[in-house]
1. Does any residue of segment 88-98 turn out to be open to solvent by less than 70 Å² (accessible area, probe 1.4 Å) and at pLDDT 95 or above?
2. Is at least one residue of segment 69-79 assigned to a helix (DSSP H, G or I) and open to solvent by 40 Å² or more (accessible area, probe 1.4 Å)?
3. If I filter segment 50-67 down to residues being open to solvent by 30 Å² or more (accessible area, probe 1.4 Å) and over 12 Å from the mean Cα position of the chain (by Cα), which single residue comes out as nearest to ALA23 (Cα to Cα)?
4. Please go through segment 102-140 and pick out each residue that is among the hydroxyl-bearing types (Ser, Thr, Tyr) and surrounded by 14 or more Cβ atoms within 10 Å (Cβ to Cβ).
5. Checking PHE82 against (1) touching a Leu at 6+ places or on another chain (Cβ under 9 Å); (2) surrounded by fewer than 13 Cβ atoms within 10 Å (Cβ to Cβ); (3) without any contact (Cβ under 8 Å) to a residue 40 or more places away in the chain: exactly one of these is not met. Which one?
6. Does segment 80-94 contain at least one residue that is charged (D, E, K, R), more than 30 Å from LEU138 (Cα to Cα) and in a loop (DSSP other than H, G, I, E, B)?
7. Evaluate segment 42-52: report whether one residue or more is among the charged types (D, E, K, R) and modelled with pLDDT under 90.
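The values are calculated or read from the model by the stated rules, or taken from the named source; none is laboratory data. Every value quoted in this text rests on a predicted model; they were computed, and no experiment measured them. Cβ sites come from the backbone with ideal geometry, for glycine too, and all protein chains shown count toward neighbours. We work out accessible area using only protein heavy atoms, side chains counted, and drop any ligands, DNA or RNA first. Shrake-Rupley method; radii C 1.70, N 1.55, O 1.52, S 1.80 Å.
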Amino acid sequence: MNTFALTLVRLGWDRVLTLLRAASMLVLVFMMVSICYDTLMRYAFAAPTHWSLEINSFLLVYLAVMGAAEAQRFDAHIRITFFKDKLPQAVRRWLEVLTGLAGVIFCAILAWRGGLMAHQAFEYGERVSSSLGTPMVLPYALLPIGFTALGLQFLIDTLASMGRGGPLPPPDQPIADQPSPSALEHSGESS
């Protein structure tokens, strides 16, 4: 895959991750407001909400699975590199490829199983046994969406490692020997 194609893929994917990041920010603000509201109602008026704990539990899952792809994109996952740093560059490159492929396979399995869980919850009309009665298909659907996004990011990183000898740089840094992403956007506007 040439660098121009990688840049186009990166631009599109970065826009998807930007959308997920914005949604995660809104979710976090909602969680903060609803937890504060629930705390105020519980301790000041002795009338706690019946929905806050349930909704915020599901939203916490949302933040975890939807943020994983972006963390992978920015290489922000925790890792121990003591031994890896001592290996020759060629071995490190293939280790990154193997790790990326393992990540793709792991995410594919979790997305598949999460999709089955969501489908079964929808098919059987499963609901949380609470006064709110949230359909379980909603939180279960987060698993295939989040792990598909993470798996795609692993795949992008793996292809970049195979083609360039290392992962793509962060979104704010252009890939060497090509126009920057902003230059590509401006050139698309003039045609």
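1. No, segment 88-98 contains no residue that is open to solvent by less than 70 Å² (accessible area, probe 1.4 Å) and at pLDDT 95 or above.
2. Step one: list which residues in segment 69-79 are assigned to a helix (DSSP H, G or I), which gives 69-73.
Cutting the leftovers down to open to solvent by 40 Å² or more (accessible area, probe 1.4 Å) gives us none.
Scanning segment 69-79 turns up no residue that is assigned to a helix (DSSP H, G or I) and open to solvent by 40 Å² or more (accessible area, probe 1.4 Å).
3. LEU59
4. Listed by number, the residues that qualify are THR134, TYR140.
5. Looking at each condition in turn, PHE82 falls short on (1).
6. Checking segment 80-94: not a single residue is charged (D, E, K, R), more than 30 Å from LEU138 (Cα to Cα) and in a loop (DSSP other than H, G, I, E, B).
7. The answer is no; no qualifying residue exists.
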